[in-house]
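Have a look at the structure below before the remarks.
The values are calculated or read from the model by the stated rules, or taken from the named source; none is laboratory data. Every value quoted in this text rests on a predicted model; they were computed, and no experiment measured them. Neighbour counts are summed over all protein chains in view; Cβ atoms, including those assigned to glycine, are modelled from backbone coordinates with ideal geometry. Heads up: the accessible areas ignore ligands, DNA and RNA and are worked out on the full protein's heavy atoms, side chains in. Shrake-Rupley method; radii C 1.70, N 1.55, O 1.52, S 1.80 Å.
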Amino acid sequence: MVAIAYVAIPFAALLQRAPWSDLGALVGQPVVTDALRLSITTAFTATGISLVVGIPLAWVLARTQFPGRSVARALITLPMVLPPVVGGAALLFAFGRRGLLGGPVYDSTGFLLPYSIWGVVAANTFVALPFLVLTVESGLRGSDPRYEDAAATLGAGRWMIFRRITVPNAAPSIIAGAVLCWARALGEFGATVTFAGNLQGRTQTVPLAVFLALESDRDAAIALSLVLIAVSLAVLLPLRDRWLAA
Amino acid sequence: MLHATIRVRLGDLDLDIELRVGDGEVVALLGPNGAGKTTALRAIAGLQPLDGGRIELDGTVLDDPGTGAYVPTGDRPIGVVFQDYLLFPRQSTLDNVAFGLQARGRSKAAARAEARGWLERFGIADHADDKPAMLSGGQAQRVALARALATDPQLLLLDEPLAALDATTRLHVRTELRRHLATFDGARLLVTHDPLDAVVLADRLVIVEAGRITQEGAPAVVTSRPASPYVAQLVGINLLDATASGDRTVRLASGAELTVADPLPGPAVAVAIRPQAIALHRHRPDGSPRNTWSATVADLEADRDRVRVTLGGPVPATAELTPAAVAELELLSGTQVWASVKAVDLVAYER
């Protein structure tokens, strides 16, 4: 009861302060629509990238033995426990204009990751990837590896086994992991503001816009928050019992 | 023809066995849990690397750590029926059987058409679109067999093919499995901890204890002349030659008749009876079960916490009792007793 109340009261306070009459106009402002569009596209892109690189990593962590595996798992967990601002700073030192990798890339191609929409995606992926990897890894551990053996005896290669057996058997954990990953990416603030900046229409996601608007236009901040809550609920509610419980 | 010398160290297990299975032969690897039977099977399938030895099938070396020769699992002409069958839960019965054909390069349509033929052969075409969870134990086993045989293997491996079934289904499925195994003419190797399964299904038994072979031979030889008390306890099954004298009755050489629960598979049968299934009484039991006969105790032999009682009379058999039961019945060599066994405890199979 206390836990429910503690979570519910701030939302109630937010709703009580909401400028219901002007809501339509507030939500229609370019600052809101730009931020919303950016948030949704970058969260989905980051989730897509996490799925592509995260499922194979989860498989390796769950199914194979190699020296340094516990180090690898600790490393992938690090962005979860690190303050996102630190993550953003680390990303700058790696991919910034004078960064470890960003420097040579900028010098040869002129491509710069920070302060672009790809910077937002990079920051989102950095903080959200661990949620996917750890969820899928635990799902894979729970699924019987002998099914993969059975497929191998039938002549299936590694890729066919992965695609036809491993992924379908781990589907519930993959969906749960993707939802957690997406939710984390949508709410990302610290790493984004550090690494990608806060430029409206380019790198200003909804959380950044909310933070900025709290200083100047409190009603707009509340409207943005409500929109973010609505989008989150729209994605989480249909999935909640079916997948998140598993 | 399979010729495998398998040496594997895995945890507490130190496995070192040599196996030969000829074409058309059914060999049962029989032993207690943890003896290394499944590990041997996995090594032959390529799922468990060898530490030493050599696996050769029809003249092709599949694995030889000495020379570095190694054929990966998927390229071995071996079909495997796993314990619990391991049918892919999210695919239909048809797609389960088509999986191996697709993996070996058939188009999806061709693989499915061929898979349908296999389901028809095993009498489960009606369940082609069902998910494995909807199948009974016996049906699931047929799908597992169809899936393993669809890729046209030269060797069929079966790991505890009946362990997933309850006692009543087991009786039927065992007979059915024997019939299906007969349709495959390659080498067949099955692993089981159940001596009855081994005796009914196999032409030859290989007893494995703690990673070593302790005895091998035809079921009749191993059961009648066990090499050690342990083997005696493990495979001490009564095997009686008989002829059909009715739809459900058999006549032994002595002329005694026994009744079985299921219709007989053919005119010449062998009847297997577990020693634990034979009950002994000092007086003729009331309400006489049909299979009751008068016998003489020929010998008593204590074996761990059980006593094996050899019976003379019309049904030459060995019963197994607890020492307490032996004391209560005051059994001695020469004691006259009544023996009885339920029809469901008689397993008749074609000789």
The correct count of residues that are away from chain A (no Cβ under 13 Å) and crowded, with 19+ Cβ neighbours inside 10 Å in the stretch B:61-72 is 1
Do you know which residues across the stretch B:98-113 are open to solvent by 10 Å² or more (accessible area, probe 1.4 Å) and touching a helix residue (DSSP H, G or I) at 6+ places or on another chain (Cβ under 8 Å)?
-> B:Gln102, B:Ala103, B:Arg106, B:Lys108, B:Ala110, B:Arg112
Name the pairs whose Cβ atoms lie under 8 Å apart, with the first residue in the stretch A:143-168 and in contact (Cβ under 8 Å) with a residue 12 or more places away in the chain and more than 9 Å from chain B (Cβ to nearest Cβ), the second crowded, with 16+ Cβ neighbours inside 10 Å and in a loop (DSSP other than H, G, I, E, B), and 6 or more positions between them or separate chains?
-> A:Ser143/A:Ala170; A:Thr166/A:Ser143
Matching option when the condition is more than 14 Å from chain A (Cβ to nearest Cβ) and surrounded by fewer than 22 Cβ atoms within 10 Å (Cβ to Cβ), among B:Asp84, B:Asp58, B:Asp75, B:Asp95 | B:Asp58
Please specify each residue of the stretch B:40-54 satisfying the condition of being closer than 28 Å to B:Leu101 by Cβ and either touching a Phe, Trp or Tyr at 6+ places or on another chain (Cβ under 7 Å) or away from every other protein chain (no Cβ under 14 Å) (or both).
-> B:Ala40
